[in-house]
Amino acid sequence: MAGKYVIGIDIGGTAVKMALFDQNGGMDHKWSIKTSKEENGKYVLDEIAASIQHELQEKHIPLTEVAGAGAGLPGFIDIEKGIIEFATNIGWKDYPVARILEDKLGFPVALDNDANLAAAGEYWKGAGTDVQNMIFITLGTGVGAGIVLNGNLVNGKDNMAGEVGHVTVKPEGGRLCNCGKRGCLETISSATGMVRGLWSI
């Protein structure tokens, strides 16, 4: 793989966290920006690209030394096409994230669900390095899970494995979720749901 560096991008409903890595997984630098919700996330990718370009310039790294980027997003993703089908906490539907970022940055961008990538990262370099089977739960603006079985990341049918945040846990009187249903696990157990619950006590 050409290029000395790769970039990790975690696009969350509250913040976008980014980091510069060498190709052995060593982190060189990390930073974050706020996720813009204006006009259903219209400006998020512009701001990500501008932020990456700024950080690379600050470190005197030309774009030609970046082999590519991996982006994790909350929601339902067509991995092969690089499209997020539905990101409830940002406002995107059928949005070609990979192509847009590639056009703006000039290097390849791959997409996957953020919880899947978090699980893959823990399996490669973190708490899961000595196991072959694990489940990684993410709690943030939403709730997700990444599953590793026999050393392989499980995407499941239509890349829906691990999408636990929108399982209905309170069918009667549940809070309206960003996905349009009521009583999803995410409305109660996400970081935003727990903070909302504390304020209601």
Problem - Label selected from (i) 29, 20, 15; (ii) 35, 22, 13; (iii) 40, 19, 14, the criterion being semi-axes √(5λ) of the Cα gyration tensor in Å as computed here - result: (i)
Practice task
Averaging sequence separations of C-alpha pairs under 8 Å and six or more residues apart, then dividing by the length of the chain, give the relative contact order as a whole percent.
Solution key: 15
Fill in the blank from the handout: the chain: longest segment with zero exposed GluC sites (Glu not before Pro), where exposed means DSSP loop plus at most 10 other C-beta atoms within 10 Å, is residues 81-171
Problem - Average Cα contact separation per residue, the stretch 85-201, under 8 Å, 6 or more apart, as relative contact order % - result: 18
Fill in the blank from the handout: Length gained, THR14-LEU149, 0.36 nm per residue minus C-alpha separation, equals 45.6 nm
Fill in the blank from the handout: Mean-square fluctuation maximum in Gaussian network of the chain, Cα pairs under 10 Å, restricted to LYS59, LYS17, LYS181, hits LYS59
Practice task
Please list the non-local residues whose amide H lies under 5 Å from the amide H of TRP92, H modeled 1.01 Å from N, same-chain partners needing a gap of 5 or more.
Solution key: ALA87
Problem - Inter-label distance for GLU172 and MET160, nm, one decimal - labels placed 7 Å from Cα along Cα-to-Cβ - result: 2.7
Exercise for the section: Give the cross-link partners of LYS104 among the aspartates and glutamates, using a straight C-alpha distance below 13 Å as the criterion and excluding same-chain residues fewer than 8 apart. Expected result: ASP46, GLU47
Handout entry: Inter-site label distance for ILE33 and GLU65 at 7 Å from Cα along Cβ, in nm
Key = 2.1
Completion exercise
In order over the stretch 69-84: 3J(HN,Hα) from phi, Karplus 6.51/-1.76/1.60, θ = phi - 60°, whole Hz, x for each Gly or Pro, gives 9, x, 10, x, 10, x, x, 9, 10, 8, 5, 5, 8, x, 10, 8
Problem - Which of HIS54, HIS29, HIS60, HIS166 is most accessible, then next, and so on - probe 1.4 Å - result: HIS60, HIS54, HIS29, HIS166
Completion exercise
Mean accessible area per residue over the stretch 1-118 (1.4 angstrom probe, all protein chains present, square angstrom) is 50
Exercise for the section: Convert each backbone phi in the stretch 137-143 into a coupling constant with the Karplus relation 6.51 cos²θ - 1.76 cosθ + 1.60 (shift: θ = phi - 60°), then list the ³J(HN,Hα) values in order as whole Hz, x for Gly and Pro. Expected result: 9, 10, 10, x, 4, x, 10
Problem - Hypothetical label at ASP46: residues of the stretch 91-109 whose amide nitrogen lies under 17 Å (7 Å Cα-Cβ projection) - result: 91-92, 96-97, 100-105
Handout entry: CYS179, CYS184, ranked by accessible area, largest first (probe 1.4 Å)
Key = CYS179, CYS184
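The values are calculated or read from the model by the stated rules, or taken from the named source; none is laboratory data. It should be emphasised that the depicted structure is a prediction, and the values quoted were computed from it without experimental measurement. Glycine also receives a Cβ, built like all others from the backbone with ideal geometry; neighbour counts cover every protein chain displayed. These accessible areas exclude ligands, DNA and RNA; they are computed on the full protein's heavy atoms, side chains included. Shrake-Rupley method; radii C 1.70, N 1.55, O 1.52, S 1.80 Å.
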